[in-house]
Amino acid sequence: MTNSRILVDSLGRVHNNLRISVTDRCNIRCFYCMPNDNVQFKPRAEILTFEEIARFTRVAASLGVNKLRLTGGEPLVRADLPALVGELASVPGIRDIAMTTNGLLLADHVDALKRAGLKRLNISLDGLREETFQRISRRSGLDRVLEGIFAAQRVGFEKIRLNAVAIRGITDDEIVPLGEFARQHGLELRFIEFMPLDAENSWENDQVLSGSEIREALENAFGALLPIERRDPSQPATDYRFEDGIGVIGFINPVTQPFCSDCNRLRITADGKIRNCLFSIAEWDARQVMRSGGSDEQLVELLHDCILAKKPGHGIDSPDFVRPDRAMYQIGG
Ligand code: SAM
Ligand code: SF4
């Protein structure tokens, strides 16, 4: 590799964290992410192969990327995912591989994923009632998600975290039970504010149940939440511990408290487009470079172009905000 510069943008933000979407497909249809019907999935031939993902990752790692997160769509609907994890774990410089999953297929794959080198898991769980699960995902299966969580705990990942998107009018009464569940089972829990990335364009500011509202509900139920000092400034969540010492809870507040100034993340979509932000309206085509015989140096150049074009912030709160054309499942959350 001729170019070993790190991926630093015009504001000095160093990008060492790559989120890889391995598929745009999913086995459920969360309304905040995907349409319910007639989903336009990319044809398989347009999705990066494992070899292409590994090549791209090697190039990114040569520029200082050392943390990976596999996402989607639902990463576990992609066949042979542990083989990809194994390949990525052997890329020089990669020290951490995590995955975000809806948990439905997790119980069947936890052993193979752990053996392949997956270190950390985020499992999405927005509530503990099947009715809530169905209202959000428009499918059934909460019991399988819970099974997946317990299977992952038995296998012993370095960290298992629950991700809950909070939506006013839908999950308000799930907040405290989720807190209780996480405390009981020794799981870290993070609440995420609902972002305007749904496919049906129905997001409204009023639906955002803010991190501070959730915190208040939890404090009323469990007592004071005590802030935990942030060790990594690029971590999107603000973490707290319960005053009785049982459990850690985090808040990711992209809408009410954007954390863009410390963002260190870049993304590659399942069809091989590099993005410098979830909300970016521009993309850089790594697949085109790889499939037209382009060199690793050309990928390096593309990565630098993408990072240098990164905006200071996502601008959700600005009157000029333009939603990206692609919804969450097409980008990779
Ligand atoms: N299918 C996997 C899952 O659901 O965990 C991985 C992909 S999903 C797009 C990644 C994360 O983004 C999930 O925790 C999901 O709840 C969250 N998410 C999806 N759409 C969102 C939105 N509009 N606002 C906030 N979070 C969202
Ligand atoms: Fe599927 Fe995850 Fe999107 Fe829900 S949030 S539809 S589980 S990709």
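How would you rank Lys114, Lys273, going from fewest to most other Cβ atoms within 10 Å of each one's own Cβ?
Ranked by crowding around the Cβ, least crowded first: Lys114, Lys273.
If you count, for each residue, the other Cβ atoms within 10 Å and average over each peptide, how do 240-247, 100-107 line up from highest to lowest?
Highest-to-lowest ranking by the protection proxy: 100-107, 240-247.
I want the local charge near Gly294. Using Cβ-Cβ distances under 12 Å, sum +1 for each Lys or Arg and -1 for each Asp or Glu among the other residues.
-2
Listed highest first by mean packing, meaning other Cβ atoms within 10 Å per residue, what order do 318-327, 251-260, 197-206 come in?
Packing proxy ranking, top to bottom: 251-260, 197-206, 318-327.
Given springs between every Cα pair under 10 Å in a Gaussian network model of the chain, which of Leu70, Leu187, Leu121 has the largest fluctuation?
Greatest mean-square fluctuation among the candidates belongs to Leu187.
Cα-Cα over 21 Å: which of Lys273/Lys310; Lys67/Lys119; Lys114/Lys159; Lys42/Lys273; Lys42/Lys311?
Lys42/Lys311
Along its three principal axes, how long is segment 17-331 when you only count alpha carbons? Whole Å, largest extent first please.
59, 48, 43
So what is the calculated 222 nm ellipticity per residue for the chain, using -39500 (n - 2.57) for each DSSP H run with n of 4 or more, over all residues, to the nearest 500 deg cm²/dmol?
About -9000 deg cm²/dmol.
Here, each number is a calculation from the coordinates, and none is a lab measurement. If you're wondering where the values come from, they're calculated on a predicted model, not measured in any experiment. Every residue, glycine as well, gets a Cβ built from its backbone with ideal geometry; the counts of neighbours run over all protein chains shown.
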